[in-house]
Amino acid sequence: MNKIMALLLIFLCGCIGTDIIDDEMDEVIIIENIIDTLKVGDQHQFKARYLNNVGIETPTNFNWNSSDAAVISIEDSGIATAHQIGSVKLTVDAEGISESIEVAAGNKTSEAANERTANLVTVSSYPLTGTATLKKGDNGLILQLEDNFNTTSALPGLYVYLTNNVNTLNGALEVGKVTAFNGSQSYEITATTNLFEYNFVLFYCKPFVVPVGNGKLNP
């Protein structure tokens, strides 16, 4: 029995390593309903969400501004109006932080790219590298781990999540158990259709609730 307990302790320590779990993160603003170009004469509703220092969405007042209101003006409600051809930086701020996007005024309105990518890095003693792509699917979203994805089969119960806080599972969306430790694989997500609801891809050693690796979704 003592030998079994000792082996279990070694196994647990191997998964946890010397990681210190801290739930706090930087506050962020996420801009939604992003478009690349707004047709001159048209309006578009931009939306923003503020996530506090533990990744929880918190109601707040947003202030929007445009780098050139003669090209595209924007109200504090997030409604933008294109007046003449050109390009601007739209900035939203709240709670002492800000986020910006580049938007053009042109002959037609065009949506931003319908996928986001993340470069994956390890945050543990185990290797985890590669690229993840989050894109729109027929029934929601699809998370694609690309050909260069690689980790180790020594990890017990490795799961992948979408989250706004890489330090905890609180508020995270479980995508599923990792089905292969290297190479291309995809996971269908039906719980949300919002490409910008989560900002990170997170890998967790689920039996011991510790992070293994993550990647920030861009743009």
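General remarks:
- No other residue among TYR161, TYR204 is touching an Asp or Glu at 6+ places or on another chain (Cβ under 7 Å) and within 29 Å of TYR50 (Cβ to Cβ) apart from TYR161.
- Options ILE56, ILE35, ILE74; residue that is outside the structural domain of TYR161 (by TED's automatic domain parsing), within 30 Å of GLY157 (Cα to Cα) and not polar (S, T, N, Q): ILE56
- Count of the range 44-82 residues which are buried (at least 16 other Cβ atoms within 10 Å of the Cβ) and in a loop (DSSP other than H, G, I, E, B): 7
- The set of residues in the range 162-219 being in a loop (DSSP other than H, G, I, E, B) and among the β-branched types (Val, Ile, Thr) consists of VAL166, THR168, VAL178, THR179, THR190, THR192, THR193, VAL209.
- Out of THR91, THR152, sole residue that is within 29 Å of GLU27 (Cβ to Cβ) and not charged (D, E, K, R): THR91
- Residue in the range 104-121 that is without any contact (Cβ under 8 Å) to a residue 40 or more places away in the chain and in contact with a Ser or Thr (Cβ under 7 Å, 6 or more places away or on another chain) present: no
- Among the residues making up the range 147-176, those that are over 19 Å from LEU217 (Cβ atoms) and surrounded by 17 or more Cβ atoms within 10 Å (Cβ to Cβ) are LEU155, LEU158.
- Residue count for the range 21-42 under the criterion of being loosely packed, with under 15 Cβ neighbours inside 10 Å and at pLDDT 95 or above: the result is 2.
The values are calculated or read from the model by the stated rules, or taken from the named source; none is laboratory data. Everything numeric in this text was worked out from a predicted model, so none of it was measured. Virtual Cβ from ideal backbone geometry, glycine too; neighbours counted across all protein chains shown.
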